[in-house]
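Visitor: Quick one: the structure is below, and I'll ask about it shortly.
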Amino acid sequence: MTIQVGDRIPDGKLMHMTADGPAPITTEELFSGKKVVLFAVPGAFTPTCSAKHLPGFVQNAEAIKAKGVDVIACLSVNDAFVMDAWGKDQNVDDKVLMLADGNGEFARALGLDFDASGFGMGVRAQRFAMIVEDGVVTALNVEAPGAFEVSSAEAILQQL
């Protein structure tokens, strides 16, 4: 079942890179008491994700945070090392928290996973963006397969 506006984010654990190496972050730590923009991409270093999706959030980070957002987070079914390398490649700095959902468990819990085995990519997260306030989804924009329209930073800015 796909998560909907008004639903609480499921409990889960993601990974992110710290100065001491990969470290877990729970959904409780990430969302509790905060306004978070979470967007997901099918894969780090993939064409649309690298050319448009992540760069849009990096470029608009200041404007998004000016609307009361505490954290902007990028999620992908990749490992923390790949997400860290992609963040460095994209000059993310501290503008976007790069989150790894290595086994796709969180994407599956959201009901926003898909099977990309036909492309040799295994199970991935669908392309989406959501606004979450204190653990509750207040906006959810899921892309049609192959599309990049409703999950952009500009679309989220319009909803904030």
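We did not get these values from a lab; they are worked out from the coordinates using the rules stated. Since this is a predicted model, take the numbers as computed values, not measurements. Counting neighbours? That spans all protein chains shown, and the Cβs are built from the backbone with ideal geometry, glycine included.
Visitor: Once both labels are modelled 7 Å past Cα along the beta-carbon direction, what's the A147-F45 spacing in nm?
Guide: Those two pseudo-labels are separated by 3.0 nm.
Visitor: State the extension gain, in nm to one decimal, for the chain segment bounded by E28 and A139, taking 0.36 nm per residue of separation less the distance between their alpha-carbons.
Guide: Result for the pair: 38.1 nm of gain on full extension.
Visitor: Would you order M17, M83 from fewest to most other beta-carbon atoms within 10 Å of each residue's own beta-carbon?
Guide: Ordered from fewest to most neighbouring Cβ atoms within 10 Å, M17, M83 come out as M17, M83.
Visitor: Also, I was wondering about something else. Determine the relative contact order of segment 10-160: mean sequence separation of Cα pairs under 8 Å and six or more apart, normalised by residue count, in whole percent.
Guide: Answer for segment 10-160 is 28 percent.
Visitor: R0 = 25 Å: FRET efficiency of K65 with R108, Cβ-based, nearest 0.05?
Guide: 0.30
Visitor: Note the full-extension length gain between F119 and D7 as 0.36 nm times their separation in residues minus their Cα-Cα distance, in nm to one decimal.
Guide: Gain on extension, F119 to D7, equals 37.2 nm.
Visitor: Quick one: if you take sqrt(5λ) for each eigenvalue of the C-alpha gyration tensor of the chain, what semi-axes come out, biggest first, whole angstrom?
Guide: Listed largest to smallest, the semi-axes of the chain are 19, 18, 17 Å.
Visitor: Also, quick follow-up: Let me know the shape class of segment 1-63, please: from the alpha-carbon gyration tensor, a ≥ b ≥ c as square roots of the eigenvalues, rounded when a/c is under 1.5, otherwise prolate if a/b is greater than b/c, or oblate.
Guide: Because a/c hits 1.5 or more and a/b fails to exceed b/c, segment 1-63 counts as oblate.
Visitor: Counting other beta carbons within 10 Å of each residue's own, what order do I25, I9 fall into, fewest first?
Guide: I25, I9
Visitor: Also: On full extension of the chain, what length is gained from A155 through D20, given 0.36 nm per residue of separation minus the C-alpha to C-alpha distance?
Guide: 45.1 nm
Visitor: Then there's this: Order by neighbour count: R8, R108, fewest other Cβ atoms within 10 Å first, most last.
Guide: With the sparsest Cβ surroundings first, the list reads R8, R108.
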